[in-house]
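The values are calculated or read from the model by the stated rules, or taken from the named source; none is laboratory data. Predicted model, so just to flag it, every value in this text is computed and none were measured. Cβ atoms come from the backbone with ideal geometry, glycine included; neighbour counts cover every protein chain shown.
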Amino acid sequence: MSEPSPNPTTPATSNAKRKPRVSLAIATAFGLGYIPKAPGTFGSLAGIALTIFPAWLWSRIASSGTELIGFSFLGGPEVDVVILWQIILATVLGLIGLWSAERAAMFSNIKDPQQVVIDEVSGQHLALLLGGFWPMRAMPSNSFLPMLWFNHPLNAELWISPNWKYLLLGFILFRVFDIWKPFPARQAESLPGGLGIMADDWVAGIYAALCLWIARAIGL
């Protein structure tokens with residue numbers, strides 16, 4: 001009588017061994033995506049937190065009397081350290097979002113799993129970054145454009161920041177466009193892999209940013 005063969009590896013156990021834990025952690029914004037109700041809203045709140053924190057941190061450093069020098073490229077004008085950090089953060093969020101969202105979708109065998117909220121995190125952050133939510137140089141009263149480039153150290157007394165109403169408006173606008181999905185957001189969902197998960201939220205972020213600029217232009 002032959003000995004029983006070992007239990008064969010089933011698809012379920014195989015998938016469990018290959019569970020992309022790091023990708024799922026990032027894709028779900030470290031668990032926010034598992035919140036039963038409105039996980040996308042909590043993902044947007046995480047995007048807001050990522051926008052506020054660098055500005056708060058650098059403003060605290062500047063207010064302590066520390067002189068913050070901007071970065072200059074190829075002898076050009078200096079770039080606000082807060083804006084530079086936000087640009088880097090937006091790029092990292094976008095790239096890591098593409099990677100983690102695609103792996104999470106492949107694991108769950110769903111094109112756009114509900115628990116994946118890194119797209120909301122990235123889209124909300126992009127909306128506020130492009131919409132101008134950052135500490136900025138004081139500017140003439142007849143100008144609504146922030147001064148992104150300058151040739152002086154970042155002195156705290158020269159900084160102004162959009163108020164909480166502007167931040168709330170950016171949040172509401174992004175959520176509206178993310179749910180509404182105007183052209184080409186809806187079409188972007190059909191793109192393959194992680195790009196299809198992320199791109200529609202980037203479009204919603206761009207729409208929200210444009211509305212924030214309009215709100216600033218008309219003095220809201």
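Observations on the structure shown:
- Looking across segment 190-205, the residues that are surrounded by fewer than 18 Cβ atoms within 10 Å (Cβ to Cβ) and either touching a residue at least 24 places away in the same chain (Cβ under 8 Å) or closer than 18 Å to TYR166 by Cβ (or both) come down to GLY193, LEU195.
- Qualifying residue in segment 2-20 (condition: at pLDDT below 95 and under 29 Å from ILE87 (Cβ atoms)): yes
- Residues that are assigned to a loop (DSSP other than H, G, I, E, B) and surrounded by fewer than 24 Cβ atoms within 10 Å (Cβ to Cβ), drawn from segment 82-124: ASN109, ILE110, LYS111, ASP112, PRO113, GLN114, GLN115
- Among the candidates PHE30, PHE42, residue that is within 25 Å of GLY193 (Cβ to Cβ), of a type outside the set (S, T, N, Q), modelled with pLDDT of 95 or more and outside any helix (DSSP H, G or I): PHE30
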